[in-house]
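Working notes for the structure below.
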Amino acid sequence: MGKLRVIALTSFQEALHRRVLYIVLFLAIIVIALTSSEMLYVRMARQAGEADAIDQIGRWLFQTVLGIWDFAALFLALFLGAIAVSSEVRAKTIVNVLSKPVARWVYLLGRWFGVLLFLWIFLLVGISVALLIGVFFHMQYAPLFWLGLAEMFVKAAFFSGVSLGLSVVLPPVAAGALTLFLTILPMLVQKAMDHPSWILRGLANAAYFLSPAQMPVQLIASSFSKQLLHPNYFLYWQVLAENSLYTGAVLMLACAIFKKRELRLR
């Protein structure tokens, strides 16, 4: 566990030095600009007694901040996961690590844990900003909202873990692109699942079941809607659990391949 912790902390520190702080600063500027511009309308709406308009502004600002941060986290997850191993191979620092009595699966999981730690802290910052906006606007949250926050953390784990696992056998760009493609694959093959040809139907069904589970609704957006009278919480938790297991399966397979892979330093 000590070796795993050291590798994870090293991976976390490397993520901090990959100029991602510029992205954080850029996002902070966007959030500040959005907040400042909307505060003018809020002040005018309060003076006019438009409570509904204030609620709409608050919901829009809240969802916009979360959406921006979620998108940035997914981009970072793909990028950091895909280069977690290749960056050390390219810099030849992996030789110093693997020359010591460190199992390769420990190294691979340590790299992922470090990336995941950075991503989750990154998400916590954005969620904290959104919740502060919610406090300002006196927003009420449905149980579906907290499930939506859990989905954000699971997605960060999925994109970083799967892209890292695929990077063991693929170049970083291809690993990131394939990870993203897997998330949209069910939508692409859904119509072909009922195709008259059994070959196409079989391939479509195989592709569908080999893809990660799809969330049937947008949880955070739906938490502010009154349309979902009977949310299927069991289904939502099942999707999150399946995607977590999917990530674990990819990483286990990657560890098995990485253990036997011959590293070629450039």
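The values are calculated or read from the model by the stated rules, or taken from the named source; none is laboratory data. Keep in mind the model is a prediction, meaning the values are calculated, not measured. No Cβ is skipped: glycine too gets one built from the backbone with ideal geometry, and neighbour counts run over all protein chains shown.
See the values below:
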| read-out | value |
| --- | --- |
| Among residues of region 115-149, those that are within 27 Å of residue 53 (Cβ to Cβ), touching an Asp or Glu at 6+ places or on another chain (Cβ under 9 Å) and in a helix (DSSP H, G or I), counted | 1 |
| Total residues in region 77-118, condition free of Cβ contacts under 8 Å to residues at least 60 places away in the same chain and under 18 Å from residue 152 (Cβ atoms) | 1 |
| Yes/no for residue 45 being surrounded by 17 or more Cβ atoms within 10 Å (Cβ to Cβ), at pLDDT below 70 and in a helix (DSSP H, G or I) | yes |
| Of residues in region 48-88 being hydrophobic (A, V, I, L, M, F, W, C) and out of contact with any helix residue (DSSP H, G or I) (no Cβ under 9 Å at 6 or more places or on another chain), the one modelled with the highest pLDDT | 71 |
